[in-house]
Each structure stands twice: as structure tokens, then as C-alpha cells.
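Structure first, then comments.
The values are calculated or read from the model by the stated rules, or taken from the named source; none is laboratory data. Here the structure is a predicted model, which means the values were calculated and not measured. As a convention, Cβ positions derive from the backbone with ideal geometry for all residues, glycine included, and neighbour counts pool all protein chains shown.
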Amino acid sequence: MYELASRGLRETSIVNVEGVRFGDGFVLIAGPCAVEDELQIETVARAVSHCGGAMLRAGAYKPRTSPYSFQGMGDRGVELVGAAARRHRLPAVVEGLAIEQLEMLAEHVAMIQIGARNMQNFSLIKAAAQTGKPLLLKRGPAATLDEVLYAAEYALLEGNPNVVLCERGIRSFDPSTRNVFDLAGALRLKELTHLPVIADPSHATGRASLVAPMVLAAAAAGLDGAIIEVHPEPARALSDKEQALDLDQLAALAQALPAIAPPKVALAVGR
Ligand code: PEP
Ligand code: MN
């Protein structure tokens, strides 16, 4: 049994990422699939901050299906994301694919992502947990909820309680959406664990037109947040261009969100 991750008698755990509290209101994380250059990440960070987004995302080491696709900027990308995030006072989350990348990530960003392809790379998870940084653990495309929770247990057993889980779509027979967005699975996960659970409708659906409605659905369902891909010019994105929102679409989503998931401060003021 996953003793540390299971809900038991605990309320939802709060995972604090440099002041952003997962498990206490709906957290919107946005940013490009991959950092591509300094101007791109600066433009996106500014837009995320201006629209009230809580955190910046971006990939620097990219786990691409094809070795011929853009592989990310690597270490320099991590520095650029860290610098843009600091300029706009947004904590950043960046994925680590290998143990030797963790030191760089721990130095420059607030949260380390373990991507879907590495959800059962237990040595990577343990090493990431040992950095002491909060972790964003994404569900593998064919992982059961039990497997997600056992993967989280590996991190918790290292003495790092700051783990946020993420539903990012599971593989099925129909490629019409890139994956199948398992919202009910994500909610079931919250019944099984006290850890915060967020959604990634960008990778789950693969289509920009479906991202905002699924973020709103996740908020209405009671998930703890969403992580989405945005790009100043989606058509020119070097990776995942079909699923990126442009900056106007991000602003429109951020404006629609409070009607469904009122910000905590607004609630406190209204009381
Ligand atoms: C990502 O978030 O950039 C990513 C590659 O996601 P996933 O691991 O869910 O495919
Ligand atoms: Mn992507």
C-alpha cells in the first residue's frame, strides 16, 4: 500500500512552491512547451504574470518522440527560464529527464517536473526528491492510478512531502484527441490521495481549441490547478504548436476562470 500518499484521515496537503499554494485554490501554470530564445520566454513570462497566472512552465530538456525533432535548449534554456521567472516574480517549473540535469534545475527553478515518460523512472524520482525541491509528477500515458501513487510514494519516502500530481491524458484507440483527458481519473486520484492533483489539458487533448474548456472543467470539478502551453506565435512554435494557446487566448481564459474557481483572496474579502 502507498501509505504516505494515501488519503487516510488527512485533508488535502498544501504544497507551497515559493508562495504558490497547491491544494488551496486553483493554480494556473502557463508557458511554452519549450523555451526557444530569450525574447520568447520573456514575452510569455510577462503575459502570464499580467493575466494573473501563478507559475511559469517551459521545457529545456525535451523528451521528443523523434530524435530528429527539436530537443530543447538544454542548460542555457534552464538559465533563461529561471531569469525570466525571477524578473516577473513567478516560480517556474521545468522538466528533468536525467539525474545529471537535476543540479542545474535545483539551482535555477522552483519546481522540478517528472514527465509522463519518466513516471516509473524510480531512480530519477528519488534523486529529484533528494534535491528538496517540490516535484510535479505527471501520470504516464498508460499508468493506472495505483501506479501513479506508488511513483509518488518513492518521492515521499525520500522525506520530500512536496509532490503535486498531474493528469495529462492517457492513451486510447482514438487519435482524434492526442490522448484521452481522464478527468474522472484525476478526481478519483484526489479521493485516493491527500496530494494536490492538477490537469494538463494541452498534452491531454493536443488541440488548442479544447484547452480552455478543459481547464474550466478541471476547475469546476475541483482539481487543484492546470498547466497549459502558450506561445506568442503558436504557428511558429518549435514543439507542440497545435496545442499552444496564443497570449490573447491565455488572457481570455484567465479572465473566465474566476467565475468558476474564485481566487482565495476574493473569497476572503467577500466574507
Ligand atoms: C511537458 O509538459 O512538456 C511534457 C513533455 O509533458 P508530458 O510528460 O506529459 O508528455
Ligand atoms: Mn509539450
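Quick rundown of the values:
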{"quantity": "Some residue of the stretch 166-175 being within 12 Å of ligand 1 (Cβ to nearest atom), in contact with a Cys (Cβ under 7 Å, 6 or more places away or on another chain) and among the acidic types (Asp, Glu)", "calculated": "no"}
{"quantity": "Number of the exception - GLN113 against (1) over 19 Å from ILE228 (Cα atoms); (2) surrounded by 21 or more Cβ atoms within 10 Å (Cβ to Cβ); (3) within 16 Å of ligand 1 (Cβ to nearest atom); (4) not β-branched (Val, Ile, Thr)", "calculated": "(1)"}
{"quantity": "One residue from GLU233, GLU191 being within 22 Å of PHE70 (Cα to Cα) and either away from ligand 1 (no atom under 16 Å from the Cβ) or touching a helix residue (DSSP H, G or I) at 6+ places or on another chain (Cβ under 9 Å) (or both)", "calculated": "GLU233"}
{"quantity": "Qualifying residue in the stretch 132-150 (condition: more than 14 Å from the chain's Cα centre (by Cα) and closer than 20 Å to ASN16 by Cβ)", "calculated": "yes"}
{"quantity": "Filter result for the condition that a residue is in contact with a helix residue (DSSP H, G or I) (Cβ under 9 Å, 6 or more places away or on another chain), of a type in the set (S, T, N, Q) and farther than 22 Å from GLU153 by Cα, over THR43, THR12", "calculated": "THR43"}
{"quantity": "Subset of the stretch 236-252 [in contact with a helix residue (DSSP H, G or I) (Cβ under 8 Å, 6 or more places away or on another chain) and over 27 Å from ARG64 (Cβ atoms)]", "calculated": "ALA251, ALA252"}
{"quantity": "Residues of the stretch 35-69 that turn out to be within 16 Å of ligand 2 (Cβ to nearest atom) and farther than 30 Å from LEU187 by Cβ, as a count", "calculated": "9"}
{"quantity": "Tally of residues being touching a helix residue (DSSP H, G or I) at 6+ places or on another chain (Cβ under 8 Å) and more than 13 Å from ligand 1 (Cβ to nearest atom) across the stretch 136-150", "calculated": "2"}
{"quantity": "LEU102 vs. criteria in contact with a Gly (Cβ under 8 Å, 6 or more places away or on another chain), surrounded by fewer than 24 Cβ atoms within 10 Å (Cβ to Cβ), of a type in the set (A, V, I, L, M) and under 21 Å from PRO161 (Cβ atoms)", "calculated": "yes"}
{"quantity": "Matching residues, the stretch 25-72, being β-branched (Val, Ile, Thr), part of a loop (DSSP other than H, G, I, E, B) and crowded, with 22+ Cβ neighbours inside 10 Å", "calculated": "VAL35"}
{"quantity": "Count of residues meeting criterion [more than 16 Å from ligand 2 (Cβ to nearest atom) and surrounded by fewer than 18 Cβ atoms within 10 Å (Cβ to Cβ)] in the stretch 199-215", "calculated": "2"}
{"quantity": "ALA186 being more than 16 Å from ligand 2 (Cβ to nearest atom) and modelled with pLDDT under 95", "calculated": "no"}
{"quantity": "Residues (of a type in the set (Val, Ile, Thr) and touching a residue at least 40 places away in the same chain (Cβ under 8 Å)) located in the stretch 115-166", "calculated": "VAL148, VAL163, VAL164"}
{"quantity": "Identity of the residue in the stretch 216-229, buried (at least 22 other Cβ atoms within 10 Å of the Cβ) and either among the aromatic types (Phe, Trp, Tyr) or part of a helix (DSSP H, G or I) (or both), that ends up nearest to ligand 1 (Cβ to nearest atom)", "calculated": "ALA218"}
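Yes/no matrix, rows are residues, columns are (1) within 18 Å of ALA143 (Cα to Cα); (2) charged (D, E, K, R):
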position	(1), (2)
LEU192	yes, no
ASP200	yes, yes
ALA204	yes, no
ARG207	no, yes
VAL211	no, no
ALA220	no, no
ASP248	no, yes
ALA252	no, no
PRO262	no, no
